[in-house]
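Before any comments, here is the structure.
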Amino acid sequence: MKFSFFTFPFEQIGEGLRRLSLSGAAGNIVAIVLYVIISLVPCGLFLWLKKKGKTCKADLMLLLISADLFFMIYYMINPGLFAPNGIPGGKEILGCTFYSLGIGYLVLRILAKSAKADTKALQKGLRILLYVVMLFLACVVMVELAFNLPANIRALKGANTAVSGEHLWGDFGNGDVDLTLTYVFLVLQSIVNALPCVLDILVLLVVGKALKEFLEDAYSDEAVAAVRKIAATCSKVLAAIVIAGMSFNILQILFRNSLYNINIATSIPLSSVLFVIAALVIARYVSENQQLKRDNDLFI
């Protein structure tokens, strides 16, 4: 079974339930019960929130998510029924639909709760959100290095059958084609792809520290220094990402005659540029407000 980030863990659940169902009559009954229980988890969460008196309008989406789970897991168990024409990507379509519903629900619930939350609750929610984003970025890095890189290596090896050897990294010294340098560049490419996420985690750590200082005293020297550090860190991170991409493209051109796979990519990081500019503006704003407060204190 080929791992896919978009179908995990539902493809594995469907495969497990299918095997359990085919194991016999008792196994089939257990598989049906587990299928129903897993699909009703969002409904159970809705009932629990309602019992605690913590529901909002967005929580009605949990019922829709539960219905989608019934539909999705059924076709994960029987994938051929979803795409009888043999159209590829059926499982990915189901997984992406579920994750879009889940993310949409979380966003709507956060918006609904944030409108009624006090300052302390907003601080807690923002910190949790930062941790969630960092966890997501860490998962993206793991997928790139642990799954995409080996897959690219296998694809390159399969496309150049002159290279012998059964190991993942190939037998670099055998065959008519030497792919050693190309393998190295595949590793470099994965590092370049993962670098923005790694550096974004660094930025979020700085943001988290600045948020703590800012909420304790928005006019303190520590708060101003922390906000300025965000702007400085963002500028360095953006420069590192751009330089890494340009350097990798230049290296591919220089070694083009020795490479059997070239991937020139041009990215325009407009969102990152806007974020840096916003951080610089906020840093200037906080600094000017601090100076204005000090002047007012002296005047009083």
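The values are calculated or read from the model by the stated rules, or taken from the named source; none is laboratory data. Because the structure is predicted, anything quoted here is derived from the model rather than measured. Note: ideal-geometry Cβ built from the backbone for every residue, glycine included; neighbour counts use all protein chains shown. SASA here: full protein model, heavy atoms, side chains in, ligands and nucleic acids out. Shrake-Rupley method; radii C 1.70, N 1.55, O 1.52, S 1.80 Å.
Remind me, relative contact order of segment 1-152 in percent, using alpha carbon pairs under 8 angstrom and six or more residues apart?
27 percent
Between Asn261 and Thr180, what length in nm is gained on full extension when 0.36 nm per residue of separation is reduced by their alpha carbon distance?
28.0 nm
Using a 1.4 Å probe and ignoring any ligands, DNA or RNA, find the accessible area of Arg154 and quote it in Å² to the nearest 10.
Counting only protein heavy atoms, the figure is 140 Å².
Residues of segment 51-73 with the amide nitrogen closer than 13 Å to a label point 7 Å from the Cα of Ile128, along Cα-to-Cβ, please.
The answer is 54-55, whose backbone nitrogens lie closer than 13 Å to the label point.
What figure, in Å² to the nearest 10, do you get for the accessible area of Ile253 with a 1.4 Å probe and non-protein molecules left out?
That residue has around 90 Å² of solvent-accessible surface.
Quick check: pseudo-label points 7 Å beyond the Cα along Cα→Cβ at Tyr219 and Ser287, how many nm apart are they?
Going by the 7 Å Cα→Cβ label model, 1.9 nm.
So how exposed is Leu135, as accessible area in Å² (1.4 Å probe, rounded to 10)?
110 Å²
Of all the accessible heavy-atom surface of segment 1-78, with the other protein chains kept in place and a 1.4 Å probe, what percent is carbon and sulfur?
71 percent
What is the distance, in nm, between label points placed 7 Å from the Cα along the Cα-to-Cβ direction at Ala138 and at Asp295?
Calculated label separation equals 4.5 nm.
If you add up the charges near Ser190, with Lys and Arg at +1 and Asp and Glu at -1, over every other residue whose beta carbon is less than 14 angstrom from its beta carbon, what do you get?
Net charge around Ser190: 0.
How much length would be gained if the chain were fully extended between Val198 and Val36, taking 0.36 nm per residue of separation minus their Cα-Cα distance, in nm to one decimal?
Length gained, Val198 through Val36: 54.4 nm.
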